[in-house]
C-alpha cells in the first residue's frame, strides 16, 4: 500500500532522520519498501519569486517585461501572460530548470530584443492542473526564494510498502508510524477527538439489530444531520491523491481518509434512504441478488453477510455498499457504520464474488474490534468540520461479547534459545511497549507477561513476541555463526539414481529438456488417464501429463520450427495417471511416477569430410537404450519383446521387461501422433518407469579374473527367409551349443536379387573360450558344426560358408 | 688379427650407409645386407670358427658388440621412419576438424540444482523428495495455513478438487519427512512446484524450488544465518554482502528473506535489482511451533530452521536469462549454451 511520508509525520516524530534511513529501516524491520516516489522531483530550480515591476515590452503588444526578485537576486524576464502584475508572488523557473510539463529546459533567451533570464510558469506548465489562462499566482505570504515544491507542499515522498498478510495493523499510516516509533524509539501521537454533539440522541433516529453476532461481533453506528455534501478542502484531497485515491466528496473522502489513517473501514449510508431508519445485519438468502456501488448485480448465498434496512439489503458487509443507499449530492443525514466483521466470513464472500476492495482486504486480515468507536468519532468530527451539520449525541454500539486483549508470557531465556543471541532486557521492554503492548505482570527475573493490543491479531504466542523483538532490534544484530555441527550417521540422497541416469544420458549424447507438466486434456488422454485441474490457467493446461511423450514431441516441434532438426533429447520427470474413475479422494486414487524419456530424431550422422549422412533409425534407439542399461548393469537382466502390445502411439514398438513386467517401452512414433504436433520427420523414443527400474536388483559386482586362455572365433553365413528374425537364429545357435560358446555377434546382413525374393543373408561371428584351459580345435569344430547344422535344418537355411 | 680389423671396418661402413637411408625400402635393403642370415654380420660370425682359441673370447665379444650396435641403430631408424608411415609428415593436414563425439548436457536448471546440492551435501544435508500432486493437508494445513486465511493468497493454487492440489512449494516435503522420522533431521528437498499465475517473462505456471530443513536441540536463528551465508558465499562468491529482512511465512516464526548485493551493479542499483542494489535470493525462518505440534515434535525440546529458494530465479540472476519461459521451451539453441 501507498504511504505518504508527510502524512506519516503527523503521528510520529521523525525529525532529523533522513528519508533514505527511514526507507531502509522500514525494509529491514519487515515493512518492505518496494518503490519510492518523490513527488516534488522535477521542480528543481523553480522557486517563489516576487514581481517587483512590470513594463510593456517595447516591441511586442502581448508581452511584458518583468523584474522578479527571489530575495537575494533579481531577474529580468519576458512574460506573455495577461494576468501578470507587480506585487504578485509567482512560480519562477530559473535558468537550468526543466519544465515539468513538456520537459524543456530553461535557457537564457532574447525575445524580440529583450533578454529573458527565466520563465514565469502557469499551472499547466508545472503539471499541477490544466489551467493555462495565465500564470499561477501564489499566496502572498510565501517567502520569495522558497523552492516551489516546498511552497506547494509537493515535497512529499510516497512509499509503496509491501505488507505481509500477518500485519493488518500496518495497513494504515498510524500502523506504519507505530513501527517507526519502535524502530527509532520515538514518541507517537494519536489524534485527539473532541466532538460537539447536539441535544438530540441517536436512538431517536436509528436503530441497529445484529442477527449474526458470530460474523459481526461489533457494529458501531453514529449519526450526523444536515451536512452539506461538497468538495473536500485541498489538504484532504492532497492526502488522498498522494496515496492514489480519487477524491469524491467530503463525506466519502473522510471515510477513505480514516481508512488510510487508522485502517478501519467505514461506510456512510444516506439515512433517509434506509427503510425504517434501521440497520439489520443478517445473512443473505441463497440466490438473493444485490446491486453494488459499481453498478454490478451480485448473486449471493446464505453464507454472505449483508447489511440491510428493515426491508432490503443495502450493503454486502465489509465488502461493498449498494447503489440504493449511497451518499449523493442531495444527502442530508448520514448513518456512519464502523464495524468489526469476522475475517474468515468476509474472505469467503470476497472470494466467492471475486470482489476485493480496500475494506474487504483489511477485514479479512483482521481489523481492531476495539477501535470502532474511536474511528466513528474521528469521522464525525471531520464530517462536521468539512460539511457542517449536527452530530447526534450517543453511539449505537452492538458488542455483545467484548473481545479482550490477549496476554502472552515471555520467558527471557527463550529469546536466546531461538535466536542464538540475547537481547538486552531493557530493549526487549522498550520494543514491546513501543509496539503498543502493556506489561501486566511484575517484572520477574525469568519471565514477564504482556497484554497484546487487539490491533495485533498476529501476536498470539511467545514465539510471536520473540519475532517482534528480533525484527525491531534488527536481524543484522544476530550473528551468523561461523561453525556448524555435523550430524553423524547415514545420509540419504533420494535423487542420486536419477542424477546417475542424467550423466549416462549426457555421455550418450542426449540433451536434457524440462517440459511443462500441464497440457490439454485431449493430449494427455492420448497416453493415459489424466488428472484434471479444477481451475486451469487455460484449456491448453487443463490436465497433468500421463506420459513424457507429448512434452518431448512439443520440444521436437519447437526445434524443427527454429531449424534444429537433429535431436537427441531426454527428460526425467513425474507423470500422473488416475487409477479410479471417480473423484480423487486419496493418494491411492492416482499414480505419480518418475519417468525417463529418451528421444532421437533427424540425422544420426551428418555430412562431414569423414562421414556420410545417415538418419536415425530404430537400431540407433535400441542400441542407445541398451548402452544406457549396460551402464546401470541391467542389460543382461531385462528381456526384450517386440510389438508385445498394439500401441496406437507407435508404428512399431518394443519393450523391456523384468519378470514379465514392462519397465520401458518405445519405438517409432506413429504418423497420426506426429501430425498432432506438426512434426514431419521420424521420431524414435523410449520411456522408462524409473520406480520399476530403480527397484530391479542389480547383480552384485565381483572381480572375475582376467581370461588367461585364447578365444577361438568362427564365422558363418546363412541365407534365410526374411521372416526369420535375427533373434531366432542367435537363440537357436546358443541353444544348440555347449557352454563353450560365449558370444554371438551378427556382423552382416543383406538382401539382393541373387538371393531371391523374401530371402536375406545373415553372417554371425561366434566366440568360444574356456576360463580354465586352451580349447582344442576339434572340440570347437564339433560345437560349431552342431550349431550350423541346427540353423540349416530347423530354420530352413542355406549355408553360405564359413571362415 | 684381420678379423678385428674387418669388424671395425664393417661398423664404419654401416655407419656411413645408414646415414644415407631415407625410407623404409632402402633400410630393408640395408638390413638384408648386414643382418640377414647371409648378411655381413652373420658371415663374420661364421668366420669365428677359424679364429684361434686364445683370441676367440676377444673376437667373440667384439662381434657381439657389432651385432648389437648395428641392430640398435637399425631399430631406431626403423621406428623413426615408420612413425610417419614413411610419408612426408608435412602432408598431414592437422587443421582438419577432428572426428567429434557429441556429448549432451544437463538442463541449466539441473546444473544449478546440482551446484546447490553439492554445497548442502558438504554441509551435512541429506536429499529427500516428495510428490507434486499433494493434499491440502500437507501443502497448507500442516504448515499452519488455516483454511480461509489470506496467507493462502500468497500462493495461487491449481486445485484438483477441494482436498487435492498441485503443490505450491516444496515445504510439504518437510512435513512428510518430519512425520517419518525423529530429530535430528537435516535435509534439502528439491522439486517442481506450481503456481496458478498468468504466464509472462517473469512468471511461469511451474518452477523448481529447493527446501531446506534442520531440526535438533539447540538449532538457532544464528546458525540459520551462518549456514545460509556459507551457502551464498560458496555459490555466489566469497566477497558478497548480505542482509536478512523480516518477512512472513505461516510455517516459520521468526521469518526472513535473504538479500545479497546485486552482482551486476555491486549495490549501486540497476535494472536487475530494480534500483535497490539488493537481490532477494531466498526465504527462511525458524520452524513454527505449530508445525512441530502437527508432526509430533515437542517444541520445548526441539528447535529448527527451514529455508526455500527458487532455482529458476537463481539461474536467471546468475546467467542473465531474460525470460523464464525459455527454460521450458527446450530450444536446442538455448540448451546447448550451458
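Each value in this text was obtained by applying a stated rule to the coordinates, not by laboratory testing. The shown structure was predicted, so the numbers you read here are calculated from the model rather than taken from an experiment. Note that each Cβ is placed from the backbone with ideal geometry, even for glycine, and that neighbours are counted across all protein chains shown.
Assuming a ≥ b ≥ c are the square roots of the Cα gyration tensor eigenvalues, decide whether the range B:108-335 counts as rounded (a/c under 1.5), prolate (otherwise, with a/b larger than b/c) or oblate. Here the range B:108-335 falls in the oblate category. In a fully extended conformation the segment linking residue A:355 and residue A:619 would gain 89.0 nm over its present Cα-Cα distance, using 0.36 nm per residue. In the protein assembly as shown, the alpha-carbon atoms span a convex hull of 336 Å³ per residue.
Only helices enter the 222 nm calculation for chain B: every DSSP H run of n ≥ 4 contributes -39,500 (n - 2.57), and dividing by all residues gives -12000 deg cm²/dmol, rounded to 500. From the largest down, the range B:1-112 spans 88, 31, 20 angstrom on the principal axes of its Cα atoms. All alpha carbon pair distances within the range A:355-503 were sorted into 10 Å bins beginning at 0; the resulting P(r) in whole percents reads 8, 24, 21, 19, 15, 8, 3, 2, 0. Per-residue ellipticity at 222 nm, computed for chain A from helices alone with -39500 (n - 2.57) per DSSP H run of at least four residues, works out to -7500 deg cm²/dmol.
When B:52, A:268 are ordered from fewest to most other Cβ atoms inside 10 Å of their Cβ, what list results?
On the way: B:52 8, A:268 22.
Lowest count first: B:52, A:268.
Which order results if A:57, B:169 are arranged by neighbouring Cβ count within 10 Å, fewest first?
Lowest count first: A:57, B:169.
The mean number of partner chain beta-carbon atoms within 10 angstrom of a residue's beta-carbon across peptide B:162-170 is 3.
Separation of the range A:185-235 from the range A:113-153 is 41 Å, based on Cα centroids.
Can you give the FRET efficiency to the nearest 0.05 for residue A:722 and residue A:641, using r as the Cβ-Cβ distance and R₀ = 30 Å? Mind dumping the intermediate values first?
Numbers: r = 20 Å, r/R0 = 0.68.
For residue A:722 and residue A:641, the calculated efficiency is 0.90.
Mean separation of Cα pairs under 8 Å and 6 or more residues apart, divided by the residue count, gives chain B a relative contact order of 15 percent. Using a cutoff of 8 angstrom between alpha carbon atoms and counting only pairs six or more residues apart, the relative contact order for the range B:2-85 works out to 37 percent.
How long are the semi-axes of the equivalent ellipsoid of the range A:36-176, taking √(5λ) for every eigenvalue λ of the Cα gyration tensor, in whole Å from largest down?
Calculated on Cα positions only, the semi-axes equal 37, 15, 13 Å.
Axis of helix A:250-262 versus longest Cα principal axis of chain A: the two differ by about 60°, to the nearest ten degrees. Axis angle, to the nearest 10 degrees, between helix B:24-35 and the longest C-alpha principal axis of chain B: 50 degrees. Each of A:267, A:132, A:574 has some number of other Cβ atoms within 10 Å of its Cβ, and from fewest to most they run A:132, A:574, A:267. Computed log10 I(q)/I(0) for the range B:66-157 at 0.12, 0.14, 0.22, 0.24 Å⁻¹: -0.77, -0.88, -1.13, -1.15, from the Debye equation with unit scatterers placed on every C-alpha and solvent omitted.
Oblate is the label for the range A:109-152. Its Cα gyration tensor axes, ordered a ≥ b ≥ c, give a/c of at least 1.5 and b/c at or above a/b.
State, as an integer percentage, the relative contact order of chain A based on alpha-carbon contacts under 8 Å between residues 6 or more apart. Numbers along the way, then the final one.
Values: 1557 pairs, mean separation 64.2, N = 803.
Rounded, it is 8 percent for chain A.
Extending 7 Å from the Cα toward the beta-carbon at both residue B:301 and residue A:73 defines two label points whose distance is 7.7 nm. Averaging 1/r over every pair of different alpha carbons in the range A:188-244 and inverting the result gives a Kirkwood radius of 15.7 Å. Taking a ≥ b ≥ c as the square roots of the eigenvalues of the alpha-carbon gyration tensor, the range A:454-539 is classed oblate because a/c is 1.5 or more while a/b is no larger than b/c.
Going from the alpha-carbon gyration tensor of the range A:511-639, what semi-axes, largest first and in whole Å, does one get by taking the root of 5 times each eigenvalue?
Numbers: eigenvalues 218, 83, 18 Å².
Here the semi-axes work out to 33, 20, 10 Å.
Using Cα atoms only, what is the angle between the long axis of helix A:777-794 and the major principal axis of chain A, expressed in degrees (0 to 90) to the nearest 10? Once rounded, one gets 80 degrees.
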